[in-house]
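What follows is a single structure, written as structure tokens, with notes after it.
FYI, it's all coordinate maths here, none of it is from the lab. Values in this document were obtained by computation on a predicted structure and should not be read as measured data. Here Cβ is always computed from backbone atoms with ideal geometry, including for glycine, and neighbour counts include all displayed protein chains.
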Amino acid sequence: MTSERQRSWRRTWPVATQFLLAGGILFAAQLSPAAAQDIRGLEVCTAEKQMERRTGCLQSNIDFLQQSLAKLARETQEKITAANRDLAAARAEIVTLKSAVTKLADELAQLKAKPDPNTKK
């Protein structure tokens, strides 16, 4: 190989390696079987041959999912309400502590301002 060819080969080799590595990773990711997520309470409606039964199956799945969603919404709202109560209590405690610190700082300033009666001039 000539020196120009060698330089050209050295410049393209890292690019080709990166391309092949990325392509290999994508290919391997597609080959791995993805585990299907089962949801308890859902029925497999594709096995039904009659349209009425398939529609009923899908409707029961929809009802189940709506109930699950409503339950999760209630639970989430309860958690938010509890967090808001805790936050309000923490804010009230902060206000109390701030007033106590202010009171102690004032008392400390008064003690420092008083001359000590035991000291002689």
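Using a ≥ b ≥ c from the Cα gyration tensor of the range 74-121 (square roots of the eigenvalues), is it rounded, prolate or oblate, where a/c under 1.5 gives rounded and otherwise the larger of a/b and b/c decides, a/b for prolate? Don't skip to the answer; put the middle values down first.
Values: a/c = 11.56, a/b = 8.77, b/c = 1.32.
Prolate is the answer for the range 74-121, as a/c is 1.5 or above and a/b outweighs b/c.
Place the peptides 48-61, 67-80 in order of packing, highest mean first, counting for every residue the other Cβ atoms within 10 Å and averaging per peptide. Before the final figure, lay out each step's value.
Working: 48-61: 12.3, 67-80: 10.4.
Highest-to-lowest ranking by the protection proxy: 48-61, 67-80.
Could I have the simple spin-label model distance between R54 and A70, label points 7 Å from Cα toward Cβ, reported in nm to one decimal?
2.8 nm
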